[in-house]
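Single-structure report; data block below.
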Amino acid sequence: MIHSLAAAMSNQLQNTSSLSTADTWNLLDVRNSSPVRTAELRPLSVSPWDIALCVTGTLISCENAIVIAILFYTPTLRAPMFILIGSLAFADLLAGLSLILNFVFIYMLNSEFVTLISVGLLIAAFSASVLNILAITVDRYLSLYNALTYHTERMVTFTYVMVVLIWLVCIILGLLPVLGWNCLRDEASCSICRPVTKNNAVVLAVTFLLVFALMMQLYLQICKIAFRHAQQIAVQHQFMAISTTKGVSTLSVILCTFAACWMPFAMYSIVADSSYPMIYTYATVLPATCNSVINPIIYAYRNPDIQKSLWLACCGCVPSNFSLRPRTSSDV
């Protein structure tokens, strides 16, 4: 996906940098009388947008690798919530590594097969990231709706099944470009993300909008249940009421961040095609990738259990002012 954007952008930069030797020497004669080789002043054809995406991919990889390591080496973090957080962290880690590999593929291994592999990895990784966020929303809805049965083995099984289905769907989506669902033989049918076709890009964008609509519906249901719980227990258990209200506020931040990152790219994918300026595509892709930077902060590093494990891993102790309260079904 992002491979195609960078390839087109790089071609534009190469075209603008193709000055003749004579023109370059004339420019040097005006600006500087000292003899300087033309090649030394020739602009590099590396797009700054590609550099920004590669740096973003590196940051994503580092953040989520830490989350995965904490979850893997902490046996107590095996609840359904942490299974989904781990799946989301793995999806974002794969997305970060794909952005780095995409940068390498663009400038070192530029070929049709490598393009399809790069696009497939990006589609699979970011699709898994979006679907895992939906799964976490479903999990939090169930933790409120079925609070009494949430911590049973049945819920753990349901969570594993949900994660497996998510990754099967995303792997299939990632294989589609390699299996022939691309526009390499018909450039006119390309979307803003070559070699993804316009029709496929629209389907993915509409699917994202449906996922977001479902998340909004679940969010409204969570608000109703949470505030009903808060009213019922506000007198006897003020702490629980505060926790419920805080959880709803957190979920609001989650959904707003998710929409702000992904909505521009989804809407632009629907209305635009390959004839639109590449700068607009980059400007919508970069915020979408930043969602994977924010996810570990929202879902993992704010969690008190993960914070405790991180403190133990880094300094072997827990601060004296750190309080790990018991988690409730209304926690978000």
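Tabulated results
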| read-out | value |
| --- | --- |
| Which listed residue, of VAL169, VAL163, is exposed (fewer than 15 other Cβ atoms within 10 Å of the Cβ) and modelled with pLDDT of 85 or more | VAL169 |
| Test for SER269: is it hydroxyl-bearing (Ser, Thr, Tyr) and more than 21 Å from the chain's Cα centre (by Cα) | no |
| Whichever residue in region 177-190 is of a type in the set (A, V, I, L, M) and either open to solvent by less than 50 Å² (accessible area, probe 1.4 Å) or in contact with a Leu (Cβ under 6 Å, 6 or more places away or on another chain) (or both) and, among such residues, is nearest to ASN110 (Cα to Cα) | LEU184 |
| Scan of region 108-140 for residues that are modelled with pLDDT under 90 and open to solvent by 30 Å² or more (accessible area, probe 1.4 Å), ordered by number | MET108, LEU109, ASN110, SER111, GLU112, PHE113 |
| Leading residue by the ranking (modelled with the highest pLDDT) among those in region 22-69 that are open to solvent by 30 Å² or more (accessible area, probe 1.4 Å) and of a type in the set (Ser, Thr, Tyr) | THR58 |
| In region 114-159, the residues that are over 24 Å from VAL169 (Cβ atoms), part of a helix (DSSP H, G or I), in contact (Cβ under 8 Å) with a residue 40 or more places away in the chain and not aliphatic (A, V, I, L, M) | TYR145 |
| Candidates ALA266, ALA260, filtered to the one that is open to solvent by 30 Å² or more (accessible area, probe 1.4 Å) and modelled with pLDDT of 90 or more | ALA260 |
| Scope region 191-220; condition within 23 Å of SER252 (Cβ to Cβ) and either modelled with pLDDT under 90 or open to solvent by 60 Å² or more (accessible area, probe 1.4 Å) (or both); matching residues | LEU210, LEU214, MET216, GLN217, TYR219, LEU220 |
| Cβ pairs under 9 Å, 6+ apart, first in region 209-222 and farther than 12 Å from MET263 by Cβ, second open to solvent by 40 Å² or more (accessible area, probe 1.4 Å) | LEU218/TYR141; TYR219/TYR141; GLN221/TYR141; GLN221/TYR145; ILE222/TYR141; ILE222/TYR145 |
| Number of the condition not met by ALA288 [criteria: (1) surrounded by 17 or more Cβ atoms within 10 Å (Cβ to Cβ); (2) under 12 Å from the mean Cα position of the chain (by Cα); (3) over 17 Å from ASN200 (Cβ atoms)] | (3) |
| Total residues in region 221-253, condition within 30 Å of ALA128 (Cα to Cα) and modelled with pLDDT under 80 | 11 |
| Leading residue by the ranking (most open to solvent (accessible area, probe 1.4 Å)) among those in region 70-86 that are closer than 15 Å to ILE166 by Cβ and among the aliphatic types (A, V, I, L, M) | ILE83 |
| Candidates TYR276, TYR301, TYR282 - the one that is over 23 Å from VAL211 (Cβ atoms), hydroxyl-bearing (Ser, Thr, Tyr) and surrounded by 20 or more Cβ atoms within 10 Å (Cβ to Cβ) | TYR282 |
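The values are calculated or read from the model by the stated rules, or taken from the named source; none is laboratory data. Treat the numbers as computed from the prediction; the structure is a model and nothing was measured. Please note: Cβ atoms are built from the backbone with ideal geometry, for glycine as well, and neighbour counts cover all protein chains shown. To get the accessible areas, we keep the full protein, side chains included, count just its heavy atoms, and leave off ligands, DNA and RNA. Shrake-Rupley method; radii C 1.70, N 1.55, O 1.52, S 1.80 Å.
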